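First the structure, in the form of C-alpha cells, and then the observations on it.
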Amino acid sequence: MDARLNIFDNPLAGRLMRHINSAGKVLTDSPLPATTQELVKIRASQINGCGLCLDMHTKDAAKAGETALRLNLVAAWREAKVFTDAERAALELTEQGTRIADAGGVTDEAWAEAAKHYDEEQLVALVGLIAVINTYNRLNVITRQPGGEYEPGMFG
C-alpha cells in the first residue's frame, strides 16, 4: 500500500504534527499509567483500522515489557482475564469516546467507572489521550500511511 500523501516530508504536515506531538508529550508525561496509555492507543487504533499506529504502539508496548498475551487480547478485553478493573474502565471509555457518532456519546456509567479508578488529573490525561490518538488515527487512515516498518524510538 502506498501513502496518499507524504506527511513526513510536507512542511505544513510537519508543522501540524509537531503540535500534535507536543500534545502527545504532555499526555505521555502525565500521571496516567504508561501501560494504560499504550492499551488505549492500541484499542482506539484497532477500532479505527490504523495500521501505522497499531504497528507503533504494539511494538512500543512490547519493548516496554507488555506481554504478548495482553497485546493479543486487547481487541477482546471484555472476555479476557488479564486486564485490571482500571484498565477495563479506560478501555470502555476509549471505545465509547472513539465511537461517539455510533453510540451518541459516552455513557454516565462509563464515566463513573473510569472516575472510580482515576483521579481528575488522570481523567484529563485519559480524555486527552483518546482525543489525540483518534487524531493520529484519522490522519493516518485518511492518507493511507502503511504499517509494518516502525522501529521503536524512530519518531523521537
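Any read-out appearing in this document is the output of simple, stated calculations on the displayed coordinates, not a laboratory observation. Small disclaimer: the values here were computed from a predicted structure and weren't measured. Because the Cβ atoms are built from the backbone with ideal geometry, glycine has one as well, and the counts that use them run over all protein chains shown.
Put simply, the range 84-128 fits an ellipsoid with semi-axes of 17, 11, 9 Å; these come from the alpha carbon gyration tensor as the roots of five times its eigenvalues, largest first. Between residue 69 and residue 108, the simple label model (points 7 Å from Cα in the Cβ direction) yields a spacing of 3.8 nm. Using a Förster radius of 35 Å, what is the FRET efficiency between residue 16 and residue 120 based on their Cβ-Cβ separation? Nearest 0.05, please. Calculated transfer efficiency: 0.75.
Within the range 2-29, find all residues whose amide N lies under 16 Å from a label point positioned 7 Å from the Cα of residue 135 along Cα-to-beta-carbon. Counting backbone N atoms under 16 Å from the label point, the list is 12-29.
The calculated Kirkwood hydrodynamic radius for the chain is 16.0 Å, given to one decimal from all distinct C-alpha pairs. Computed from backbone phi, the HN-Hα couplings of the range 87-101 come to 5, 4, 5, 5, 5, 5, 4, 4, 4, 5, x, 7, 9, 3, 5 Hz, rounded to whole numbers (Karplus: 6.51 cos²θ - 1.76 cosθ + 1.60, θ = phi - 60°; Gly and Pro given as x).
According to the Cα-based calculation, Rg over Rh for the range 2-52 is 1.05, with Rh computed by the Kirkwood formula. Here, P(r) means the percent of Cα pairs in each 10 Å bin from 0 to the largest distance; for the range 42-134 it is 16, 49, 33, 3. Electrostatic bookkeeping for residue 147 treats Lys and Arg as +1 and Asp and Glu as -1; over the other residues with beta carbon under 14 Å from its beta carbon, the sum is -2. Each Lys or Arg adds one and each Asp or Glu takes one away; over the other residues whose Cβ falls under 11 Å from the Cβ of residue 82, this sums to 0. With the convex hull constructed from alpha-carbon coordinates only, the range 14-80 shows a mean projected area of 5.1 nm² over all directions. The dipole here belongs to the range 11-142: it is taken about the Cα centre, uses +1 on the Cβ of Lys and Arg and -1 on the Cβ of Asp and Glu, and is about 600 debye.
Positive end of the dipole of the chain (Cβ unit charges, origin at the Cα centre): among 115, 91, 147, the Cα lying farthest that way belongs to 147.
Among 81, 41, 59, the residue with the largest mean-square fluctuation in a Gaussian network model of the chain, with springs joining Cα atoms closer than 10 Å, is 81.
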